[in-house]
Amino acid sequence: MIQFSDIKVGDFLKADYDGKLWDGEVTLLNGDEKQVCVKTEVQDFWFETDKLQPIPLNEDELLKLNFTKQDAADGSTKYLKGSFRLETPIKGNFSHFEMWYREDRRHNPDVHFVHQLQNHYLDMTKVHLTREKI
């Protein structure tokens, strides 16, 4: 389950609707009732947070967010989107990494899911991380 306070408009999540998981984007938040409106491929639905699941952060998800990948000779991998960088010391291992944007560097942030990366990206760049190319 995801905490309501960790969710922002624009975040990508999985939503459980009648036992089927749908990938979607948060479009609205209702703080009074702690409900989240998620736009799926079908339509927008309102969900309680217990029906939402995070999307694990991995290379496939970064590529869906239009990051460019650069493998290094030392076994590390760097992912780039504009001036934002994310580097894993071991290819495919997202348990520890470093990310930076200009002078703001974050070593091993507590980021394990796409929406957490989106929230760090927003905090660092002041622009929401989307699937659009830069």
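Select from region 57-96 the residues that are aromatic (F, W, Y) and either without any contact (Cβ under 8 Å) to a residue 12 or more places away in the chain or in contact with a Phe, Trp or Tyr (Cβ under 9 Å, 6 or more places away or on another chain) (or both) and list them in ascending order.
Within region 57-96, the first condition is being aromatic (F, W, Y), and the residues that meet it are 67, 79, 84, 94.
Selection gives F67, Y79, F84.
Would you pick out the residues in region 60-102 that are within 23 Å of F12 (Cα to Cα) and of a type in the set (D, E, K, R)?
The answer is D60, E61, K64, K69, K78, K81, R85, E87, E98.
Would you please name the residue that is nearest to V111 (Cα to Cα), looking only at residues in region 1-24 that are crowded, with 17+ Cβ neighbours inside 10 Å and charged (D, E, K, R)?
Residue satisfying both the conditions and the ranking: D11.
Values in this text are rule-based calculations from the coordinates and carry no lab data. If you're wondering where the values come from, they're calculated on a predicted model, not measured in any experiment. With ideal geometry, Cβ positions are generated from the backbone for all residues, glycine too; neighbour counts draw on all protein chains shown.
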